[in-house]
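Values in this text are rule-based calculations from the coordinates and carry no lab data. As the structure is a computational prediction, the values presented were derived from the model and not from experiment. Neighbour counts run over all protein chains shown; Cβ positions are idealised from the backbone, glycine included.
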Amino acid sequence: MTATLSAAHDLPAAGEERRGPARLDALEISAWFGSTQVLDTVSLSMPPATVTALIGPSGCGKSTFLRILNRMHESIAGAQLAGEVHLNGVDIYTPGYRVTHARKRIGMVFQKPNPFPAMSIADNVTAGLGLTGRKISRSDKASLVEDCLARAGLWAEVKDRLDRPGSALSGGQQQRLCIARALAIGPEVLLMDEPCSALDPTSTRRVEETIHDLREEVTIVIVTHNMQQAARVSQQTAFFLAEANTPGGIVESGPTTQIFGNPSDPRTADYVNGRFG
Amino acid sequence: MTIASQGGPVTPRRTPRQLSPGLEPTDRIFEGFSLGIGAFVLILTGAVGLFLGLESIPTFRHYGFHFFTTVDWNPELDKVGIAAVLLGTFEVALVAMVVSFPLALAFALFISDYAPKWLKGWLISAVDLMAAVPSIIYGIWGFYLLKPHAMNLARWLSQHFGWFPLFHVNTDPNAAVWQQSQYTSSAFIAGLAVSMMAIPLACAVMRAVFDQAPLGEREAAMALGGTQWGVVKTVVLPFGKGGIIGGTMLALGRALGETAAVAIILSPAYILSPRILQSGAQTTSGLIASNFGNASQSQLSALLTAGFVLFVITLIVNSTAAFVIGRSRSGAATEI
């Protein structure tokens with residue numbers, strides 16, 4: 001256990017080979033904001049190199065669950081949680097496990113694109129290296145920028161204006177820039193919180209293609225309100241629900257084809273067929 | 001088609017139409033009211049400048065450019081100039097800014113990004129309260145509490161950095177029985193007292209802008225594995241640039257014009273000396289305050305001219321700041 005922990009703390013230097021997709025297991029997660037409980041003993045396994053979709057009506061706790069997976073939840077005042085999150089078998093909430101380290105290994109893309117507006121497109125991509133205290137040579141930087149932008153499906157559109165500000169891009173391009181920025185620090189898991197809800201259909205399709213292309217190299221967990229999107233991009237789906245004044249939880253989880261084609265719980269069937277929520 | 005049937009022109013009409021302005025009557029009343037208030041403030045400022053400018057004419061006629069180069073202020077001998085007080089003003093302001101800027105910036109960052117939630121509200125109130133304390137209080141505090149200790153710091157500075165003209169004092173700093181009187185009542189100690197009142201002012205403005213840094217960008221930096229300092233460096237400081245400049249300029253404006261605290265601490269001396277640690281200097285506002293009561297008509301004009309120069313300098317400083325902020329990233333700018 002100790003050996004695993006210390007090994008997990010060694011990060012590969014920038015530009016070195018990526019470590020590949022990791023397995024993420026949430027064990028009996030409960031969460032509170034102040035005295036309000038929003039999640040009750042939720043467990044979910046997210047296998048490596050798989051896209052897991054979290055679906056459910058608003059306020060069911062799926063975004064909170066996602067933010068617990070990379071320790072963003074605790075940045076909110078009054079937020080508390082119980083349970084464990086295992087990254088390749090190691091609990092990221094172990095005392096002494098550094099929160100910055102957990103976030104380096106488990107990247108996140110937010111609902112609203114949030115590139116750093118004062119930075120150029122290229123500097124946005126490599127911003128994470130500076131933030132995590134890693135130096136990189138000029139030539140390595142150029143190749144890293146191209147590599148990450150290509151993997152995020154943005155390279156062709158921006159390769160001639162890498163020194164322009166990131167905020168000058170369209171919403172969909174900004175979101176893919178944020179994906180490239182998250183990829184640049186070599187995460188083993190990528191969390192996406194409704195990444196397409198602020199985007200038009202064409203941009204949404206481009207981001208979905210990006211998710212599809214990334215699946216082999218990074219484990220993806222995506223929160224979405226769009227049933228078709230969940231069905232298109234994910235291999236596994238978990239349906240969250242918070243019924244009248246009770247904390248949220250998972251009603252049903254399993255292969256996406258089963259959740260959408262032959263759900264075992266009638267509430268899941270009602271939701272995926274658009275009868276509520 | 002419809003146009004043709006109505007007997008109108010058949011060609012498409014491309015000239016822009018006259019649109020009726022969209023404001024409702026109640027909006028118009030408020031618009032007029034707020035425009036009036038805004039115009040009044042501008043007119044008032046303009047009138048002050050105009051008044052001072054007009055009153056300065058006799059002085060400029062009489063002394064010409066020598067008004068700026070004469071060191072003495074001696075109306076009896078008809079030798080009147082603001083060279084010494086301008087230098088003194090800048091020396092006090094320089095000390096105040098060098099001391100207050102890093103402290104205000106660090107404290108603003110502490111409140112916005114590091115202080116625990118329960119402490120934050122208290123600190124914000126405390127800073128606002130400090131900004132509201134009358135300057136005479138800072139002056140008394142500076143004279144009775146700060147001066148005896150700052151003297152030792154001044155001596156230490158002149159012992160170790162005396163080779164630098166700014167820190168040189170015309171006495172032996174290493175003497176066993178050192179001449180304390182040479183270190184009291186200096187621009188340095190006056191500047192320290194002014195910095196204490198500039199800090200809360202600058203800090204309050206900076207903190208308010210830092211708190212406005214977008215949560216989305218903060219979370220982006222955190223989610224990339226950034227430390228709190230990483231968030232500050234990547235998001236808060238670039239966003240808060242306008243607030244940093246605005247707060248600093250506000251503090252500089254106060255430092256240039258501060259009168260009461262400076263008058264208590266400084267012993268007036270009309271000399272052109274770069275030695276900020278040495279006792280004796282005078283500022284423009286101090287000159288006006290100490291001579292205004294018993295001034296003759298021609299003296300009064302000379303004092304108002306000194307005030308006019310200070311007014312113009314402050315105006316230039318603030319306009320420069322507004323220009324710099326206007327060019328920096330939009331959305332993060334602040335009014336000064």
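I'd like the residue in the range A:115-159 that is of a type in the set (S, T, N, Q) and farther than 22 Å from residue A:188 by Cβ and, out of all such residues, is farthest from the other protein chains (Cβ to nearest Cβ).
This residue is A:139.
Out of A:167, A:143, which single residue is over 30 Å from residue A:30 (Cα atoms), polar (S, T, N, Q) and in contact with a Gly (Cβ under 8 Å, 6 or more places away or on another chain)?
Numbers: A:167 fails: in contact with a Gly (Cβ under 8 Å, 6 or more places away or on another chain).
Answer to the check: A:143.
Determine if the range B:173-181 includes at least one residue that is closer than 26 Å to residue B:249 by Cα and among the small types (Gly, Ala, Ser). If you could, list the steps in order and put the result at the bottom.
Looking only at the range B:173-181, we keep the residues that are closer than 26 Å to residue B:249 by Cα, and these are none.
No, the range B:173-181 contains no residue that is closer than 26 Å to residue B:249 by Cα and among the small types (Gly, Ala, Ser).
Here is a yes/no grid of residues against (1) within 13 Å of the chain's Cα centre (by Cα); (2) closer than 20 Å to residue B:228 by Cβ:
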| site | (1), (2) |
| --- | --- |
| A:65 | yes, no |
| A:76 | no, yes |
| A:79 | no, yes |
| A:84 | no, no |
| A:115 | no, no |
| A:122 | no, no |
| A:126 | no, no |
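Hey, can you tell me all the residues within the range B:83-108 that are of a type outside the set (A, V, I, L, M, F, W, C) and without any contact (Cβ under 8 Å) to a residue 12 or more places away in the chain?
If we filter the range B:83-108 for residues that are of a type outside the set (A, V, I, L, M, F, W, C), which is where we start, we get B:88-89, B:91, B:100, B:102.
Listed by number, the list holds a single entry, B:102.
Going residue by residue through the range B:148-158, is there one that turns out to be touching a helix residue (DSSP H, G or I) at 6+ places or on another chain (Cβ under 6 Å), charged (D, E, K, R) and buried (at least 16 other Cβ atoms within 10 Å of the Cβ)?
no
Going through the range A:222-274 one residue at a time, which ones are closer than 18 Å to residue A:208 by Cα and assigned to a strand (DSSP E or B)?
A:222, A:223, A:236, A:237
Of all the helices (runs of 4 or more DSSP H) wholly in the range B:184-280, which have at least 1 residues that are within 14 Å of chain A (Cβ to nearest Cβ)?
B:215-223, B:228-231, B:241-257
Within the range A:165-221, count every residue that is part of a helix (DSSP H, G or I), more than 16 Å from residue A:149 (Cβ to Cβ) and among the basic types (Lys, Arg).
1
Given (1) touching a residue at least 24 places away in the same chain (Cβ under 8 Å); (2) surrounded by fewer than 22 Cβ atoms within 10 Å (Cβ to Cβ); (3) within 18 Å of the chain's Cα centre (by Cα), identify the lone condition not met by residue A:51.
(2)
Anything in the range B:163-195 that is crowded, with 18+ Cβ neighbours inside 10 Å and without any contact (Cβ under 8 Å) to a residue 60 or more places away in the chain? List them, or say none.
B:173, B:178
Give me a count of the residues in the range A:160-212 that are aliphatic (A, V, I, L, M), within 14 Å of chain B (Cβ to nearest Cβ) and crowded, with 19+ Cβ neighbours inside 10 Å.
Counting residues in the range A:160-212 that are aliphatic (A, V, I, L, M), within 14 Å of chain B (Cβ to nearest Cβ) and crowded, with 19+ Cβ neighbours inside 10 Å gives 11.
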